[in-house]
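Below is one structure; the comments refer to it alone.
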Amino acid sequence: MAKSYRAVYKDGQGQTYSCPVQVHEGQWKLVTNSGFAPITHDLDNEEYGVVIFDSYVEEADVRLHLPEPIGTENSFQRLQRGFVEQEIVAQRKQRQEARTRAQETFVNPAKTEAAREINNQYAALRNRHGIKNQGD
């Protein structure tokens, strides 16, 4: 898939404006409402005044990619399945990141033993008063 780019221009107040660019007849050109235009250092825009070229940026691919159809699946069903697959991947990534963070966390054995001792004391206190554990 071809990458797409935008030319970014700035005005005197620091506001940025961008325009898609493409190769046309062997040269990079701005894609405007009135057709292709040469890329220049500054543009005189009727609406915003003079804007000066700042940089090029790569445009993110925001097109929707549907999975291949299964059987007699229509486009709406493909869209639903694609969304679910995307959500599953995102959730799996979040769980993996959480798992990685948990495994990187340093466990203090003294704190763990102190918490275990407090829990054991509380359990013994409950059992001494005849309160049944949930497992009983």
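General remarks:
- Three-way shape call for the chain based on the alpha-carbon gyration tensor, with the a/c threshold at 1.5: prolate
- Each of the peptides 93-101, 74-82 was scored by the mean count of other Cβ atoms within 10 Å over its residues; in descending order, highest first, they stand as 74-82, 93-101.
- Cα gyration tensor, the stretch 74-127 - rounded (a/c under 1.5), prolate or oblate: oblate
- A simple spin-label model places pseudo-atoms 7 Å from Cα toward Cβ; at Glu47 and Gln121 they are separated by 7.1 nm.
- Radius 14 Å from Cβ of Arg92, net charge of other residues (Lys, Arg +1; Asp, Glu -1): 0
- Contact order, relative form, for the chain: 17 percent (alpha carbon pairs under 8 Å, 6 or more residues apart, mean separation divided by residue count).
- Only the Cβ atoms of Lys and Arg (+1) and of Asp and Glu (-1) were treated as charged; on that basis the dipole of the chain about its Cα centre amounts to roughly 1300 debye.
None of the figures in this text is laboratory data; all of them are computed from the coordinates on show. As the structure is a computational prediction, the values presented were derived from the model and not from experiment. Here Cβ is always computed from backbone atoms with ideal geometry, including for glycine, and neighbour counts include all displayed protein chains.
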